[in-house]
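The values are calculated or read from the model by the stated rules, or taken from the named source; none is laboratory data. These numbers come from a predicted model, not from an experiment. Glycine gets a Cβ as well: all are built from the backbone with ideal geometry, and neighbour counts include every protein chain shown. SASA here: full protein model, heavy atoms, side chains in, ligands and nucleic acids out. Shrake-Rupley method; radii C 1.70, N 1.55, O 1.52, S 1.80 Å.
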Amino acid sequence: MGLMFLVVGLLGFLSAERIQAEDQVQLGVYYESLCPDSNDFFHLHLAPTYEKLTSYLSVELIPYGNAYYRGQHDNYSFNCQHGPEECYGNMVQTCYIELVNNTESQIKFVNCAFDVRYQRKVMEKCIEDLDLRRQVKKCVTSPMGMNLEYQMAKKTDALNPSHTFIPWITVNGKGSNEINNRATENLMSVVCDELGDPKPEECRKNKWNIWKTFRNNYL
């Protein structure tokens, strides 16, 4: 009897895990470390949405944006829209993302980095764990960092259609100007629209809040 309950419980757990995986919305976030619009998106949309819908989201962060590169394996150089400081910041975040496989921690780190004026102070200000700080610094100052940033460049260059704005958001592998405009205006609504019924409680609250805002402003 005990074995039967164990098997039933295990099957229920696996079923719940499967349903959760199927319900997840895949977000790709292409951004730059010194981009004001990227800063706004992370603080105003991505962080709050992820906090409310953690179980329903799978997020990949790609810090590269409108940069371009030269060189080959172990010897790449990068030119960034907002200058060398941004290239350094992009690589710091790329290394952190590689070393810390936790989306919540990654988003918190990027938000912290946006709040630091000088990117070369980000590791000191935003990484408390000294061992992790050393690992990130070693990555940034070695071919590992260049090669990882090159992977971010490849992912960005492979976008189809190509990005026309930064940040650029893909939803379940799809990107367009329309999707990006919606995502950067109200990411919660975009995610909720992708989820099947019944919607999470946070989606129902979001829909009601949108209606209240519309009613108060236009009716």
Pick out, in residue order, every one of the trypsin sites (Lys or Arg not before Pro) in region 86-183 that is DSSP loop and has at most 15 other C-beta atoms within 10 Å; say none if there are none.
R117
Among C139, L46, W168, pick out the residue whose Cα is farthest towards the positive end of the charge dipole of region 25-194, where Lys and Arg carry +1 and Asp and Glu carry -1 on C-beta, about the Cα centre.
C139
Report, by chain and number, residues whose modeled amide H sits under 5 Å from the one on A67, excluding near sequence neighbours (fewer than 5 apart, same chain).
Q81
So if I take the alpha carbon set of region 65-167, get Rg, then get Rh from the Kirkwood formula, what is the Rg over Rh ratio?
0.95
What is the magnitude of the charge dipole of region 25-194 about its Cα centre, with +1 placed on the Cβ of each Lys and Arg, -1 on the Cβ of each Asp and Glu, and no other charges, expressed in debye to the nearest 20?
420
Cα convex hull of region 68-128: how many Å³ per residue?
99
Heavy atoms only, probe 1.4 angstrom, no DNA, RNA or ligands counted: give me E98, E85, E185 ranked by accessible area, highest first.
E185, E98, E85
E51, E128, ranked by accessible area, largest first (probe 1.4 Å)
E128, E51
Phi-derived 3J(HN,Hα) across region 36-45 with the Karplus relation (6.51, -1.76, 1.60, θ = phi - 60°), rounded Hz, x for Gly and Pro, is x, 5, 5, 4, 4, 4, 5, 6, 8, 10
For V25, list long-range residues whose amide hydrogen, built 1.01 Å from N in the peptide plane, is under 5 Å from its own amide hydrogen.
L57, S58
Assuming 0.36 nm per residue, please report the length gained on full extension of the stretch Q151 to N101 beyond their Cα-Cα distance.
16.3 nm
The long-range amide H neighbours of I166, using H built 1.01 Å from N in the peptide plane and a cut-off of under 5 Å, are none
Qualifying chymotrypsin sites (Phe, Trp or Tyr not before Pro) in region 102-154, DSSP loop, other Cβ atoms within 10 Å at most 12
Y118
Quote the accessible area belonging to E124 in square angstrom, nearest 10, computed with a 1.4 Å probe and with ligands, DNA and RNA left uncounted.
100
Rounded to 0.05, the calculated FRET efficiency for the beta carbons of E124 and F165 at R₀ = 35 Å is 0.65
What FRET efficiency would be calculated for the residue pair R133, D74, taking the C-beta separation as r and a Förster radius of 35 Å, to the nearest 0.05?
0.90
Per residue, in Å², the accessible surface of region 25-194 once ligands and nucleic acids are set aside, probe 1.4 Å:
50
FRET efficiency for R182 and R117, using Cβ-Cβ distance with R0 set to 22 Å, rounded to 0.05
0.10
